[in-house]
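Below is one structure, written out as structure tokens; the observations come after it.
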């Protein structure tokens, strides 16, 4: 390596979300020097089910990188992906196209769905609620094994989605616990072992060896290095589940920590909270962090619900006066405005104004600023509701809450959340790089440890009447 090789080295972060994929080249100081993105949509597999577009993504990566002026500087690469995705490998590549978690194979067979439910370990063991479609990855494996035996027979190895990309890059198979323990029904978080279901079905023995997210599997495969333009010396790291990448950057950031990672899903992760407080019916679960520890987690589809309530308004359109109008008029959004998950997924959302249900279109009754205020207050109330339940029964001396993602840029949400959680020190990230990518980049520098996070304390608006407003909101929930 040349004299300036280390200083010039870049880390390539492959960040694959459910709806968008990114390639980020980050220098040693943590600055993004090149960024590429594309929409990420599912495809129909040869067997007729909805599948992840791994071939389209790989073609995009190769085409993008080989035309990059910076790719030759990439000395390490790591993949971070969404959860609920498992890839099966045969002797020659893919055994079958990996299922998209929005595909519900078991819905077509009541008997097969009942058999899966009977075989599962149960929430007290796997800390994973029963989720729809393929959000429990074990449902995907169970359906494939029982409906496509020929395809299943080609399976020689199973890997979580981040480790599939690590295998594409390095040719080395591995499994990593943050994806394995992400509401899969495949892992027992408290025992740190495969679930009874995974062992009984023969899946546990098919998974590749467990490795830590930050470990190096080896260099990029020579043929791929030539095709993509990567240097032959580029090291491939094991990879990580996206929300856990975000969480890892805040290890040691405070006592009784809760990280709110916002996006399409708003995911609240509380390492150190009691697992006994988890409620399956509230879509609460035990995730597993990169160190293998059970991590109490709650979530709701905050980004999607926020968009519904905006009804075309700009996210930041609200003023303090707009918020006070919403509070004073007792205009409330009651969950839920998304059915895919969350603590109120079985309820239909509605608006209440001045004590009456209001069924009119939002745009006809509220200004853009008022709709923006309503959305921010709603997301703050659901977030506070879930934080209180994550820490139910615990009395730590100090509590820290950190907001990541789009909600970290919404001053009204941040101020309302701080007011609703007065026993917390509410902070937000000011990092220009999204938390998932930043966490993945930091894992490539492990075990030197995470660098100091860029945080600010939440603004403190005087939201007159908010406490009574929230009390009424909670009462309506209970009724």
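The values are calculated or read from the model by the stated rules, or taken from the named source; none is laboratory data. Keep in mind the model is a prediction, meaning the values are calculated, not measured. All Cβ positions, glycine included, derive from the backbone under ideal geometry; neighbour counts span all protein chains shown.
Residue 314 fulfils the conditions (1) touching a helix residue (DSSP H, G or I) at 6+ places or on another chain (Cβ under 7 Å); (2) touching a residue at least 60 places away in the same chain (Cβ under 8 Å) except for a single criterion, (2). Among the residues of the stretch 13-30, none qualifies, meaning not one is in contact (Cβ under 8 Å) with a residue 40 or more places away in the chain, over 25 Å from residue 171 (Cα atoms) and part of a helix (DSSP H, G or I). Candidates 427, 472: the one that is modelled with pLDDT of 90 or more, touching a strand residue (DSSP E or B) at 6+ places or on another chain (Cβ under 9 Å) and part of a strand (DSSP E or B) is 427. With respect to being in contact with a helix residue (DSSP H, G or I) (Cβ under 7 Å, 6 or more places away or on another chain) and at pLDDT 95 or above, residue 195 fits the description.
Residue by residue, here is whether (1) closer than 26 Å to residue 438 by Cβ; (2) assigned by TED's automatic domain parsing to the domain that holds residue 353; (3) part of a helix (DSSP H, G or I) holds:
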{"residue": "214", "(1), (2), (3)": "yes, no, no"}
{"residue": "230", "(1), (2), (3)": "yes, no, no"}
{"residue": "259", "(1), (2), (3)": "yes, yes, no"}
{"residue": "273", "(1), (2), (3)": "yes, yes, no"}
{"residue": "327", "(1), (2), (3)": "no, yes, yes"}
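So is residue 100 surrounded by fewer than 24 Cβ atoms within 10 Å (Cβ to Cβ), within 19 Å of residue 242 (Cβ to Cβ) and in the same structural domain as residue 203 (by TED's automatic domain parsing) or not?
Judged against the criteria, residue 100 is a match.
Which of the residues spanning the stretch 281-296 are in a strand (DSSP E or B) and either touching a helix residue (DSSP H, G or I) at 6+ places or on another chain (Cβ under 6 Å) or free of Cβ contacts under 8 Å to residues at least 40 places away in the same chain (or both)? Listed by number, the residues that qualify are 286, 288, 294, 296. Residues that are in contact with a strand residue (DSSP E or B) (Cβ under 7 Å, 6 or more places away or on another chain), under 19 Å from residue 152 (Cα atoms) and outside any loop (DSSP other than H, G, I, E, B) do not occur anywhere in the stretch 58-68.
Only one entry of 336, 367, 363, 372 meets the criterion of being over 22 Å from residue 478 (Cβ atoms) and modelled with pLDDT under 95, and that entry is 363.
Checked across the stretch 98-119, the condition of being in contact with a helix residue (DSSP H, G or I) (Cβ under 8 Å, 6 or more places away or on another chain) and over 23 Å from residue 50 (Cβ atoms) holds for at least one residue. Pairing each residue of the stretch 33-52 that is not assigned by TED's automatic domain parsing to the domain that holds residue 433 with any residue that is modelled with pLDDT under 95 and assigned to a strand (DSSP E or B), provided the two are 6+ apart or on different chains, yields C-beta distances under 9 Å for 37/20; 38/20; 39/20; 40/20.
One residue stands out in the stretch 401-424 among those that are modelled with pLDDT under 95, outside any helix (DSSP H, G or I) and under 20 Å from the mean Cα position of the chain (by Cα): the one that is surrounded by the most Cβ atoms within 10 Å (Cβ to Cβ), namely 404.
Conditions tested, residue by residue: (1) crowded, with 17+ Cβ neighbours inside 10 Å; (2) assigned by TED's automatic domain parsing to the domain that holds residue 79; (3) not in a loop (DSSP other than H, G, I, E, B).
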| residue | (1), (2), (3) |
| --- | --- |
| 129 | yes, yes, no |
| 133 | yes, yes, no |
| 138 | yes, yes, yes |
| 144 | yes, yes, yes |
| 155 | yes, yes, no |
| 159 | yes, yes, yes |
| 165 | yes, yes, yes |
| 173 | yes, yes, no |
| 190 | no, yes, no |
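Of all the listed residues (224, 320), the sole one being in the same structural domain as residue 363 (by TED's automatic domain parsing) and at pLDDT 95 or above is 320. Of the set (1) under 24 Å from residue 329 (Cβ atoms); (2) in contact (Cβ under 8 Å) with a residue 40 or more places away in the chain; (3) touching a helix residue (DSSP H, G or I) at 6+ places or on another chain (Cβ under 7 Å), all apply to residue 474 but (3). For the stretch 333-349, the condition of being surrounded by fewer than 18 Cβ atoms within 10 Å (Cβ to Cβ), without any contact (Cβ under 8 Å) to a residue 60 or more places away in the chain, more than 31 Å from the chain's Cα centre (by Cα) and closer than 16 Å to residue 371 by Cβ holds for none of the residues.
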